[in-house]
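Single-structure report; data block below.
The values are calculated or read from the model by the stated rules, or taken from the named source; none is laboratory data. Keep in mind it's a predicted model, so treat the numbers as computed, not measured. With ideal geometry, Cβ positions are generated from the backbone for all residues, glycine too; neighbour counts draw on all protein chains shown. When the accessible area is computed, the model is the full protein with side chains, heavy atoms only, and any ligands, DNA or RNA have been set aside. Shrake-Rupley method; radii C 1.70, N 1.55, O 1.52, S 1.80 Å.
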Amino acid sequence: MHNAAFRSLGLNWCYVAFEVDPKHLRAAIEGARALDIAGFNLTVPHKLLAVEMMDALDESAKMYGAVNTVRFERSSGKTRVTGFNTDADAIAIALREDLGVKLRGARVLLLGAGGAGRTAALKLASERVAELHLVNRTPSKAEQIAAELKKRFPSVMVTAGYPAGKMDLVLNATSLGLKPSDPSPLDERQFPLSRTQAVYDMIYRPAQTRLLASAKKAGCKTANGLGMLLHQGVKAFKIWTGRAAPIEIMRSALEKNVYGD
Ligand code: ATR
């Protein structure tokens, strides 16, 4: 999506992927600095490790404690590296765009308390959802995030465990569903899908997880994580180039690359 965007704006830039062993992350960042590279994205497990390796952190990276976008800035012979987080805003944009969900005042059941789950939980609370219920295979991790949220966002009703009432949104932030043989991350005996309006799965490959298929059958609005991937990229593009991203060009490049023609 970035290369399509560069081409469409006539920028002589390119985006390439490198597989970096976590033990070489610091050396890779210094290498990129020496090579005069404009910036890069990071994915797991580097998002947390990189926080300690930046010269400066944008508010977004401080808030979520994770860096997915890095920018080098050069002035008077020095190069500074700043870390950003574009994942969190992308969640809110994708939920609005793909499901019409307005977070303020919403009731949300969030599945997953790993890196993606924590970022989503913080974003949802900072957008002032009314209720946030956290469910995770390892309950202590959901309880830990719930305790942190209660302190930071006292106006949001936060619980660890399945809710009794109706929800506006169920959001999957676990990795369950990446493999076709994976079961659904939702225990429908504890929370039937008829009790939610909408279901979002952060997984975008496969395009339809078991959870999304069941949600569709139950008559829920559904969307997969492609919109999140798009919008974290749209924000990163602006950070690197200083120019508005050609969103529709990026969206169609992404769809073509992820799902084929
Ligand atoms: P990410 O950064 O993508 O969130 P992660 O931090 O490894 O990756 O988190 C993976 C999430 O998927 C966690 O919520 C994990 O549950 P645990 O905290 O109990 O590990 C969840 N997950 C992964 N495999 C799972 C499985 N087989 N069943 C249920 N949950 C699973």
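If we only count helices (runs of 4 or more DSSP H) wholly inside segment 1-61, which ones have 3 or more residues that are open to solvent by less than 70 Å² (accessible area, probe 1.4 Å) and touching a residue at least 40 places away in the same chain (Cβ under 8 Å)?
On the way: elements: 2-8, 25-34, 46-49.
So the answer is 2-8, 25-34.
Going by what's in this entry, would residue 66 be described as in contact with an Asp or Glu (Cβ under 8 Å, 6 or more places away or on another chain) and of a type in the set (A, V, I, L, M)? Taking the combined requirement at face value, the residue satisfies it. Residue count for segment 203-229 satisfying the condition of being open to solvent by 30 Å² or more (accessible area, probe 1.4 Å), part of a loop (DSSP other than H, G, I, E, B) and either within 13 Å of the ligand (Cβ to nearest atom) or closer than 30 Å to residue 2 by Cα (or both): 5. Within segment 115-127, can you find the residues that are touching a Ser or Thr at 6+ places or on another chain (Cβ under 9 Å) and within 21 Å of residue 191 (Cα to Cα)? Listed by number, the list holds a single entry, 117.
As a summary of the residue check, residue 74 satisfies the conditions (1) surrounded by 16 or more Cβ atoms within 10 Å (Cβ to Cβ); (2) more than 16 Å from the ligand (Cβ to nearest atom); (3) outside any loop (DSSP other than H, G, I, E, B) except for the one numbered (1).
Looking only at segment 168-202, which residues are within 13 Å of the ligand (Cβ to nearest atom), over 18 Å from the mean Cα position of the chain (by Cα) and surrounded by fewer than 19 Cβ atoms within 10 Å (Cβ to Cβ)? Show your work before the answer.
From segment 168-202, those within 13 Å of the ligand (Cβ to nearest atom) are 171-179, 181-187, 201-202; that's our starting set.
Those left that are additionally over 18 Å from the mean Cα position of the chain (by Cα): 179, 181-184, 186-187.
Within segment 168-202, 179, 181, 182, 183, 187 meet the criteria.
Pairs are defined by a Cβ separation below 7 Å, a sequence spacing of at least 6 or placement on different chains, a first member in segment 107-129 that is at positive phi and part of a loop (DSSP other than H, G, I, E, B), and a second member that is open to solvent by 30 Å² or more (accessible area, probe 1.4 Å) and more than 11 Å from the ligand (Cβ to nearest atom); the pairs so defined are 128/104; 128/155. Look at segment 168-184: where a residue is among the acidic types (Asp, Glu) and a partner is near the ligand (Cβ under 9 Å from one of its atoms), sitting 6+ places away or on another chain with Cβ atoms under 6 Å, you get 182/176. If I filter segment 155-167 down to residues being out of contact with any Asp or Glu (no Cβ under 8 Å at 6 or more places or on another chain) and farther than 24 Å from residue 96 by Cα, which single residue comes out as farthest from the ligand (Cβ to nearest atom)? Among residues in segment 155-167 that are out of contact with any Asp or Glu (no Cβ under 8 Å at 6 or more places or on another chain) and farther than 24 Å from residue 96 by Cα, the one farthest from the ligand (Cβ to nearest atom) is 164.
Just wondering, is there one or more residues in segment 88-98 that are within 14 Å of the ligand (Cβ to nearest atom), more than 26 Å from residue 251 (Cβ to Cβ), at pLDDT 95 or above and out of contact with any Asp or Glu (no Cβ under 6 Å at 6 or more places or on another chain)? There is no residue in segment 88-98 that is within 14 Å of the ligand (Cβ to nearest atom), more than 26 Å from residue 251 (Cβ to Cβ), at pLDDT 95 or above and out of contact with any Asp or Glu (no Cβ under 6 Å at 6 or more places or on another chain). For beta carbons closer than 8 Å, sequence separation of 6+ or different chains, a first residue in segment 75-99 that is of a type in the set (Gly, Ala, Ser) and a second that is part of a loop (DSSP other than H, G, I, E, B), the qualifying pairs are 83/54; 83/58; 83/67; 92/103; 92/127; 94/225. Applying the set (1) in contact with a strand residue (DSSP E or B) (Cβ under 7 Å, 6 or more places away or on another chain); (2) near the ligand (Cβ under 10 Å from one of its atoms); (3) at negative phi; (4) free of Cβ contacts under 8 Å to residues at least 40 places away in the same chain to residue 133 leaves exactly one unmet item: (2).
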